[in-house]
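Engineer: This structure is in structure tokens; I'll ask about it shortly.
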Amino acid sequence: MPIDELTALTSKERILLYLSEFTNMDERFELPSGLTQESVSLGTGIQRKHLSQYLKDLLGDGLIQERKAHIQGMRQRMNGYYLTPGGLSIAKNLRAKVEQCVVPVHNLGKVTEMKVADIDDLTSHHIKLCDIVCEAISRGSLDMSDLEDMERKRREAVESEDEDTETYRRALQTAWNDGKVTATERFLVEELRKHLKITEEQHRALELEIVKRLAMDHMEFRRIYRTVLEVALADRIISGPEEEILEGLRRVMRISRKEHEELLKEVETAICGPHLNEKDLLKEAMRLVRDQVGE
């Protein structure tokens, strides 16, 4: 059957066909969301666990390029994948071959032989060549009603994936909430990652985002805590009630005891002058005596 020409396309060819929809990506600072691993997986019907190896092979062949960039609609930078000039040349030939394939299409109970290039004109929204190939591979046939329904299915798949990513983000945020992740928390998070099919690249990007935010929050907490110490030491002494308030604040802001001591020393030095040990005090006393005698 002619449809075999579509179902016989290799995974690498499907990736090239999918990426052929995106051109002039080198010139863009922000890349489309369709160029992430997750989107390529969704658009080609290739499972993520296999996709990374195919992308690695295509990178090695010089047919695609990998670039970490800002991705449209996403908060963190991620790797995007697009065709090199060599990859685009091969993809153009592949597109021409696919477009000229004549396949049987089911529509309202009838079967009509038509070129793949003509199918898009019969649908109410744009159908990509890779969509048609994926539909042929997954179902073994082409049906206009199914092709019309592809956009809705894709939206639902994207929404479901966004929900899974947000669920994982919250779990990761909870694990990092105290500034460190225990072995047990790491194990549970990893199991959740596998269950939700979150890629390692996604995990690294999300974790980096969370850690950076925590670091920024911690620096802000240090600044606030230091200001409170300055107020408490305005009279050069911290009283009992003030100690209790500071201890509560230290715990809430996750300021370690070591950091507290460092900040306290900084503030005391700024307000009261540097601390002097016994030898320093003796030297200071001798200097004062000499100054008095000299007068």
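Engineer: Quick one: which of V267, V231, V293 is part of a helix (DSSP H, G or I) and either at pLDDT below 65 or more than 28 Å from L214 (Cα to Cα) (or both)?
Structural biologist: Criteria check complete, one pass: V293.
Engineer: Also: Please pick out the residue among G62, G80, G86, G73 that is part of a helix (DSSP H, G or I) and assigned by TED's automatic domain parsing to the domain that holds R139.
Structural biologist: G86
Engineer: With the checklist (1) of a type outside the set (K, R); (2) closer than 24 Å to I132 by Cα; (3) modelled with pLDDT of 90 or more in hand, flag the one item E66 doesn't pass.
Structural biologist: It is condition (2) that E66 fails.
Residue by residue, here is whether (1) free of Cβ contacts under 8 Å to residues at least 60 places away in the same chain; (2) of a type in the set (S, T, Y); (3) loosely packed, with under 14 Cβ neighbours inside 10 Å; (4) over 30 Å from K97 (Cα atoms) holds:
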site	(1), (2), (3), (4)
D120	yes, no, no, no
M150	yes, no, no, no
R170	yes, no, yes, yes
L192	yes, no, no, yes
H218	yes, no, no, yes
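Engineer: Within the bounds of the range 65-81, is there any residue that is under 21 Å from R139 (Cα atoms), surrounded by 16 or more Cβ atoms within 10 Å (Cβ to Cβ) and either among the aromatic types (F, W, Y) or touching a residue at least 60 places away in the same chain (Cβ under 8 Å) (or both)? Can you show your working first?
Structural biologist: Taking the range 65-81 first, the residues under 21 Å from R139 (Cα atoms) are none.
No, because not a single residue in the range 65-81 is under 21 Å from R139 (Cα atoms), surrounded by 16 or more Cβ atoms within 10 Å (Cβ to Cβ) and either among the aromatic types (F, W, Y) or touching a residue at least 60 places away in the same chain (Cβ under 8 Å) (or both).
Engineer: Has the range 83-92 got at least one residue that is among the basic types (K, R) and under 23 Å from L6 (Cα atoms)?
Structural biologist: Looking for residues that are among the basic types (K, R) and under 23 Å from L6 (Cα atoms), one finds at least one in the range 83-92, hence yes.
Engineer: If we scan the range 229-238, do we find a residue that is touching a Lys or Arg at 6+ places or on another chain (Cβ under 8 Å) and not assigned by TED's automatic domain parsing to the domain that holds S160?
Structural biologist: No, there is no match, as no residue in the range 229-238 is touching a Lys or Arg at 6+ places or on another chain (Cβ under 8 Å) and not assigned by TED's automatic domain parsing to the domain that holds S160.
Engineer: Just wondering, is there one or more residues in the range 207-215 that are under 16 Å from the mean Cα position of the chain (by Cα), surrounded by fewer than 15 Cβ atoms within 10 Å (Cβ to Cβ) and farther than 21 Å from R254 by Cα?
Structural biologist: no
Engineer: Could you say whether any residue in the range 24-32 is in contact (Cβ under 8 Å) with a residue 40 or more places away in the chain, buried (at least 17 other Cβ atoms within 10 Å of the Cβ), not assigned by TED's automatic domain parsing to the domain that holds D164 and not in a helix (DSSP H, G or I)?
Structural biologist: yes
The values are calculated or read from the model by the stated rules, or taken from the named source; none is laboratory data. All figures in this text were calculated on a predicted structure; none of them were measured in a lab. Cβ sites come from the backbone with ideal geometry, for glycine too, and all protein chains shown count toward neighbours.
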